[in-house]
Amino acid sequence: MTRLDNSFLRSHFQADYVEDMGGWPSLRDAVLCARRVLGDPVRFPKADFNTLEKVDLEGTCFLLRAPVQFIV
């Protein structure tokens, strides 16, 4: 099991391990969704861009340690 050592990711996903939040694909999907919303602020004007930027940055950094098929 891979522990979420990043406190932001642990609190955001409310899980201690990658497997508890649905595995690497769930983390990858969350990062990709955050990027889509950040890329279209007109369509999503009420989004919390600070949180989405953190999900993108922290998630991408964490995914760099993932098995190669899950790296964004």
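Each of Arg65, Arg35, Arg43 was scored by other Cβ atoms within 10 Å of its Cβ. Listed from fewest to most, they are Arg43, Arg65, Arg35. What you get for the stretch 17-72, charging only the Cβ of Lys and Arg (+1) and of Asp and Glu (-1), is a dipole of about 180 debye around the Cα centre.
Building the convex hull from the alpha-carbon atoms of the stretch 7-70 and averaging its projection over directions returns 4.3 nm².
Helix 49-63 and the long axis of the chain differ in direction by around 30°, with both axes built from C-alpha atoms.
Within 10 Å, count the other beta carbons around each residue, average over each peptide in 7-13, 44-50, 25-31, and list them highest first. The partial results should precede the final answer.
On the way: 7-13: 15.3, 44-50: 10.7, 25-31: 18.0.
Packing proxy ranking, top to bottom: 25-31, 7-13, 44-50.
When the Cα positions of Val37, Ser26, Ala66 are compared along the charge dipole of the chain, Val37 comes out farthest toward the positive end, with charges on each C-beta of Lys, Arg, Asp and Glu.
Each value in this text was obtained by applying a stated rule to the coordinates, not by laboratory testing. Computed from a predicted model, the values in this text were never measured in an experiment. Methodologically, a virtual Cβ is constructed for each residue, glycine included, from the backbone with ideal geometry; neighbour enumeration extends over all protein chains shown.
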